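Participant: Can you keep this structure in mind? I'll have questions shortly.
The values are calculated or read from the model by the stated rules, or taken from the named source; none is laboratory data. If you're wondering where the values come from, they're calculated on a predicted model, not measured in any experiment. Backbone-built Cβ (ideal geometry, glycine too); neighbour counts: all protein chains shown.
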Amino acid sequence: MKKLTLLISLVALIISIFSFFYFQSTSELVYVDVNKLMDGYKRTAIERAKFESKAKQLQSNVDSLVSNWQNEIKDYERERLTMSKKEIELNQELLKTKQQQISNYQQAIQNQISEEDQKASQTIINDINDYIKEFGKVNNYRIIFGASGSGNIMYADSSTDLTEEVLEGLNNQYETK
C-alpha cells in the first residue's frame, strides 16, 4: 500500500500545482485528506481483504511446491548411496530443473500479486476521483485539493477540510451500488 500512498501523493501534488497556476482566483479553496479517504472508504477494506486472501492462496501454492521439492531432495539424499552414477546425474538434473521451474513460478506469482494490488488500488482511486469530480460540480467548487500528508498542503484552515463530508457521501454511494 506504500506504492498506493506514493502514487496518490504524486497525483495530488501535480493536481495542486496545476490548479494553483491555472485557476488563480478568489474562489474558496477546499481540500480533502486523501489518506483519510482511502482508509475510511468502505470499499478499501473489502478490496484489501480480497487481495490479501488471493495473495495468501497464491503464496500457499508456492509454499506447497517448495515443500514438495525439499522432500524430493531429502528422498534423493537418502537414496543416493544406492543409486548408480547415471541415476545420480539424472536425479540431480531433474531436481535442478524443478528448482528453476519453481523459481520461475515464484516470480510469476509475485508479478501477479503486484498486478492485483495495483488493480485494486486503481479501482479505489478511480471511485474516489469520480466521486470528488461530481461532488465538486454539484457543490460549485472550482478546486478541491488533495492533501496526503506529504507536504503538498502545508496548512489549511479546518473549515476548508471536506474530508468527512466527502467520505460520508462516497461510502453512501458505494453502499447503494
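Participant: Which residues, taken from region 72-88, are within 20 Å of residue 62 (Cβ to Cβ) and either at pLDDT 95 or above or of a type in the set (D, E, K, R) (or both)?
Facilitator: Filtering region 72-88 for residues within 20 Å of residue 62 (Cβ to Cβ) gives 72-74.
Of everything in region 72-88, those that are within 20 Å of residue 62 (Cβ to Cβ) and either at pLDDT 95 or above or of a type in the set (D, E, K, R) (or both) turn out to be 72, 74.
Participant: Would you confirm whether any residue within region 72-84 is surrounded by 12 or more Cβ atoms within 10 Å (Cβ to Cβ) and among the small types (Gly, Ala, Ser)?
Facilitator: no
Participant: Please list, ordered by first then second residue, the pairs with beta carbon atoms under 9 Å, 6 or more apart or interchain, first in region 34-47 and free of Cβ contacts under 8 Å to residues at least 40 places away in the same chain and of a type in the set (Asp, Glu), second in a helix (DSSP H, G or I) and surrounded by fewer than 19 Cβ atoms within 10 Å (Cβ to Cβ).
Facilitator: Every condition considered, the pairs that remain are 39/45.
Participant: Six or more apart or on different chains, Cβ atoms under 7 Å: show the pairs whose first residue is in region 71-83 and without any contact (Cβ under 8 Å) to a residue 60 or more places away in the chain and within 15 Å of residue 96 (Cα to Cα) and whose second is assigned to a helix (DSSP H, G or I) and among the polar types (S, T, N, Q).
Facilitator: 76/91
Participant: On to the next question. Got at least one residue in region 126-145 being at pLDDT below 85, surrounded by fewer than 12 Cβ atoms within 10 Å (Cβ to Cβ) and among the polar types (S, T, N, Q)?
Facilitator: no
Participant: Of the residues 98, 54, only one is touching a helix residue (DSSP H, G or I) at 6+ places or on another chain (Cβ under 8 Å), part of a helix (DSSP H, G or I) and modelled with pLDDT of 95 or more; which? Let's see the steps before the verdict.
Facilitator: On the way: 54 fails: modelled with pLDDT of 95 or more.
After ruling out the rest, the residue left standing is 98.
Participant: Six or more apart or on different chains, Cβ atoms under 7 Å: show the pairs whose first residue is in region 93-107 and farther than 23 Å from residue 80 by Cβ and whose second is of a type in the set (Val, Ile, Thr) and surrounded by 12 or more Cβ atoms within 10 Å (Cβ to Cβ).
Facilitator: These pairs meet every condition: 105/62; 106/62.
Participant: Restricting to region 89-117, name every residue that is farther than 17 Å from residue 56 by Cα and hydroxyl-bearing (Ser, Thr, Tyr).
Facilitator: The answer is 97, 103.
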